[in-house]
Ligand SMILES: Nc1ncnc2c1ncn2[C@@H]1O[C@H](COP(=O)(O)OP(=O)(O)O)[C@@H](O)[C@H]1O
Ligand SMILES: [Mg+2]
């Protein structure tokens, strides 16, 4: 049963002559894990930032939970939306616990509830609270810092989480481990809608229940991974899949030239 929670209706974003997002229409259901796949500059970040009101569309309408974005109070909206980016932005002079507690504190939660939440979240992202709660960000590896980034985004229990290439700077093994955990976390949290931007096709196909392929601001295909792989709708999607095949051929040592 579909329950649309994020809807774009002919949304475009132009910067003077440059069209960053071009007539984008789609609908995401509550609880879905959707990945947005596309090369650098194709409009992924612009799309995410329009959802949390950091960027205004030039035309078209965005609807969040049945209410037009223009009718939302932006402070209230952002409280409903967690945001995880590559440049994590943890406060270096604050402990991991305090970093996670920023939004709950802002919302005036009681200290007991905050402490309990920190404990629970650190466990969820597989960081031992006894070991990590009182450390500072500089004392964590890149992968551990991203785990804290995920915990912090979940802190006040927002129904939507936006991820902008959060694992882009991590080494391949750490990245795969975090991908698996994020999938587990999404499955463990009922009804959370995840929108995850990446330029990595393997990451997009592994994480997404549906994958939105973008090219030059436009939507090429929005489908379940198996459909993308077996029924690529456009030349661009075919070429994208071709890059993966090329890699496989390299592994198997049977490239043509
Ligand atoms: N503030 C801005 N002013 C002008 N052009 C911008 C601005 N932000 C992004 N763009 C342009 O919009 C396009 C899409 O950018 P972006 O959404 O950041 O792409 P992606 O996240 O997919 O790499 C790019 O061509 C980029 O140069
Ligand atoms: Mg980007």
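This table checks each residue for (1) at positive phi; (2) at pLDDT 95 or above.
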{"residue": "126", "(1), (2)": "yes, no"}
{"residue": "133", "(1), (2)": "no, yes"}
{"residue": "147", "(1), (2)": "no, no"}
{"residue": "172", "(1), (2)": "no, no"}
{"residue": "205", "(1), (2)": "no, yes"}
{"residue": "210", "(1), (2)": "no, yes"}
{"residue": "217", "(1), (2)": "yes, yes"}
{"residue": "222", "(1), (2)": "no, yes"}
field: Enumerated strands (runs of 3 or more DSSP E) restricted to region 5-81, each holding at least 3 residues that are within 16 Å of ligand 2 (Cβ to nearest atom) and surrounded by 20 or more Cβ atoms within 10 Å (Cβ to Cβ)
entry: 18-29, 33-37
statement: So, first residue under 20 Å from residue 5 (Cβ atoms) and at pLDDT 95 or above in region 42-62, second residue assigned to a helix (DSSP H, G or I) and away from ligand 1 (no atom under 11 Å from the Cβ), Cβ within less than 7 Å, six or more apart or across chains; the pairs are 62/51; 62/69
message: For the list (1) closer than 15 Å to residue 152 by Cα; (2) without any contact (Cβ under 8 Å) to a residue 60 or more places away in the chain, I need the number of the one condition that residue 79 fails.
response: (2)
message: Looking at the structure I just gave you, is residue 188 touching a helix residue (DSSP H, G or I) at 6+ places or on another chain (Cβ under 8 Å), over 26 Å from residue 245 (Cβ atoms), at pLDDT 90 or above and surrounded by fewer than 17 Cβ atoms within 10 Å (Cβ to Cβ)?
response: yes
Region 86-98, residues that are out of contact with any strand residue (DSSP E or B) (no Cβ under 8 Å at 6 or more places or on another chain) and at pLDDT below 95: 87, 88, 89, 90, 91, 92
- request: Could you tell me whether region 131-142 includes any residue that is surrounded by fewer than 21 Cβ atoms within 10 Å (Cβ to Cβ) and within 30 Å of residue 18 (Cα to Cα)?
  value: no
- prompt: In this structure, is residue 87 exposed (fewer than 14 other Cβ atoms within 10 Å of the Cβ) and over 25 Å from residue 142 (Cα atoms)?
  reply: no
statement: Residue hits (region 106-116; over 15 Å from residue 129 (Cα atoms) and surrounded by 14 or more Cβ atoms within 10 Å (Cβ to Cβ)) are 109
message: Condition (residue is farther than 12 Å from residue 164 by Cα, more than 10 Å from ligand 1 (Cβ to nearest atom) and touching a helix residue (DSSP H, G or I) at 6+ places or on another chain (Cβ under 6 Å)) applied to region 8-29: is it met by at least one residue?
response: no
task: Take residue 197 and decide whether it is buried (at least 16 other Cβ atoms within 10 Å of the Cβ), modelled with pLDDT of 95 or more and within 16 Å of ligand 2 (Cβ to nearest atom).
output: yes
- prompt: Of all the residues that make up region 205-228, how many are within 16 Å of ligand 2 (Cβ to nearest atom), surrounded by 23 or more Cβ atoms within 10 Å (Cβ to Cβ) and more than 17 Å from residue 243 (Cα to Cα)?
  reply: 1
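The values are calculated or read from the model by the stated rules, or taken from the named source; none is laboratory data. Computed from a predicted model, the values in this text were never measured in an experiment. Don't worry about glycine lacking a Cβ; one is built from the backbone with ideal geometry, like all the others, and counts go over all protein chains shown.
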